[in-house]
Amino acid sequence: MKKENKSVVVWLLSGCVLIFIMVVVGGITRLTNSGLSMTDWHLVTDTFPPLSEAKWEEAFEQYKQFPEYQKINIHNDFTLSDYKYIYFWEWFHRLIGRAIGLVFIVPFFYFLVRKKLDKSTIYKCFILLGLGSLQGFFGWFMVKSGLIDNPDVSHFRLALHLTTAFITFAYTFWVALDLIYPERVKIEKSLRTIARFALAFLLLQIIYGGFVAGLNAGLVHNHWPMMSEEQFIHESVFLEQKNLFLSFTEGKSGVQFIHRTLAYLVVGLIVFLYIKSKKQTLSKAQNNGIGILLVLVFAQFILGVFTLIYGVPVWLGLIHQVSAFLLLSAMTFTLHRLSK
């Protein structure tokens, strides 16, 4: 890494850390059903939570006008104290989003004025700016879907919001890696192709993870490797919706089945990549990336199994999401080292 790029790399990696924290807090927000607690979006006034009891009562009364309270929490002896708890997680999630915006934009213009960014990095930073803006928009787009009639957000919009966060992180990490490893390395094209397929299916798996979360599909068929005590593929996979496309995109059983199946595929591709790599002469960074990738994909697979078997407890669901984030990090690093 060139000395003049060190501060830029620290800046980009700081953004990666913040995105990681945001995904973790977003996972807690989802698993604690806190995402619909803030029923409006104000860029300035939402920066701080209500600062008096009267303001808390006002916010709680506003929350009571929406479907989540009227159809669910009104029957659960839901108190102001309960509301403060779910409000905190959604507020904290949005606060981190604002922090990411500031951490990106302010140093970006500083580095731009000081001419510390080459043309290629400037172009990539504008892509990052677009991704960050999209992420904020998709967040409100998702929340809005749960404030009309249905007290649950659209699982399509949740998956869109989640996947954009993962892609934004991966691209930020990739731009940092471009600066950390400016030298060219020998590329084994067959390994790069396998890694690309593995990344594509990992992203598809993340999308289906969003579907599973949005539909609460992890709460059904809590067996493994069978979907029930007697069926490897539960009959409801084919009967829950009018056709297979709807079953695999909107049915709880169908979505869980695809998520299960993709897990085997992702593991298989990474194992294949590892075996294939042993027949090649690779750099230390390339070997380390593939080795870590192998360990993480098995860890993620095992966590997924236990998360399903135990009916998605909050702590286990959160660890499963964090593990997916680490797996994507390793996948990004490995593909970068096999591509540049």
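The values are calculated or read from the model by the stated rules, or taken from the named source; none is laboratory data. Computed from a predicted model, the values in this text were never measured in an experiment. Cβ placement follows ideal geometry from the backbone for every residue including glycine, while neighbour counts extend to all protein chains displayed. Remember, those area values only see protein heavy atoms, side chains included, never the ligands or the DNA or RNA. Shrake-Rupley method; radii C 1.70, N 1.55, O 1.52, S 1.80 Å.
Which ones in the stretch 102-119 are open to solvent by 60 Å² or more (accessible area, probe 1.4 Å) and closer than 22 Å to Pro182 by Cα? Talk me through it step by step, then tell me what you get.
Step one: list which residues in the stretch 102-119 are open to solvent by 60 Å² or more (accessible area, probe 1.4 Å), which gives 102, 105-106, 109-110, 113-116, 118-119.
Arg114, Lys115, Lys116, Asp118, Lys119, listed by residue number.
Please enumerate the residues belonging to the stretch 74-99 that are of a type outside the set (D, E, K, R), under 18 Å from Pro50 (Cβ atoms) and out of contact with any helix residue (DSSP H, G or I) (no Cβ under 6 Å at 6 or more places or on another chain). Talk me through it step by step, then tell me what you get.
Our first condition is that a residue be of a type outside the set (D, E, K, R); within the stretch 74-99, this holds for 74-76, 78-81, 83, 85-89, 91-93, 95-97, 99.
Now restrict to residues that are under 18 Å from Pro50 (Cβ atoms): 78-81, 83, 85-89, 91-93, 95.
Phe78, Thr79, Ser81, Tyr85, Ile86, Tyr87, Phe88, Trp91, Leu95, listed by residue number.
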- Of all residues in the stretch 48-61, which are closer than 23 Å to Ile28 by Cβ and either at pLDDT 90 or above or not in a loop (DSSP other than H, G, I, E, B) (or both)? Trp56, Ala59, Phe60
- Query: If you scan the stretch 166-190, which residues turn out to be open to solvent by 40 Å² or more (accessible area, probe 1.4 Å), within 11 Å of Phe333 (Cα to Cα) and in contact with a Ser or Thr (Cβ under 7 Å, 6 or more places away or on another chain)?
  - Reply: Trp174
- Query: Of the numbered conditions (1) surrounded by 14 or more Cβ atoms within 10 Å (Cβ to Cβ); (2) part of a helix (DSSP H, G or I), Tyr264 satisfies every one except a single condition; which is it?
  - Reply: (1)
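Please specify each residue of the stretch 197-236 satisfying the condition of being of a type in the set (Val, Ile, Thr), open to solvent by 20 Å² or more (accessible area, probe 1.4 Å) and closer than 28 Å to Gly26 by Cα. Spell out how you get there, then give the answer.
Filtering the stretch 197-236 down to residues of a type in the set (Val, Ile, Thr) leaves 206-207, 212, 220, 233.
Imposing the further condition that a residue be open to solvent by 20 Å² or more (accessible area, probe 1.4 Å) reduces the set to 207, 212, 220, 233.
Selection gives Ile207, Val212, Val220.
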- Task: Select, from Ile194, Ile290, Ile302, the only residue that is open to solvent by less than 40 Å² (accessible area, probe 1.4 Å), within 27 Å of Ile319 (Cβ to Cβ) and of a type outside the set (S, T, N, Q).
- Result: Ile290
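Can you tell me which of Ala195, Ala217 is out of contact with any His (no Cβ under 6 Å at 6 or more places or on another chain) and at pLDDT below 95?
Numbers: Ala195 fails: at pLDDT below 95.
From the options Ala195, Ala217, the qualifying one is Ala217.
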- Identify, please: which residue in the stretch 273-282 is in a loop (DSSP other than H, G, I, E, B) and surrounded by fewer than 17 Cβ atoms within 10 Å (Cβ to Cβ) and is, among those, modelled with the lowest pLDDT? Thr281
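Assess whether Ile86 counts as being in a helix (DSSP H, G or I), under 28 Å from Ser154 (Cβ atoms) and open to solvent by less than 30 Å² (accessible area, probe 1.4 Å). It would help to see each step written out before you state the result.
Details: in a helix (DSSP H, G or I): yes; under 28 Å from Ser154 (Cβ atoms): yes; open to solvent by less than 30 Å² (accessible area, probe 1.4 Å): yes.
Yes.
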- Task: Of the numbered conditions (1) open to solvent by less than 20 Å² (accessible area, probe 1.4 Å); (2) modelled with pLDDT under 95; (3) farther than 24 Å from Arg30 by Cβ, Ile270 fails exactly one; give the number of that condition.
- Result: (2)
- Hey, does the stretch 84-91 have a residue that's touching an Asp or Glu at 6+ places or on another chain (Cβ under 9 Å), of a type in the set (D, E, K, R) and under 16 Å from Gln135 (Cα atoms)? no
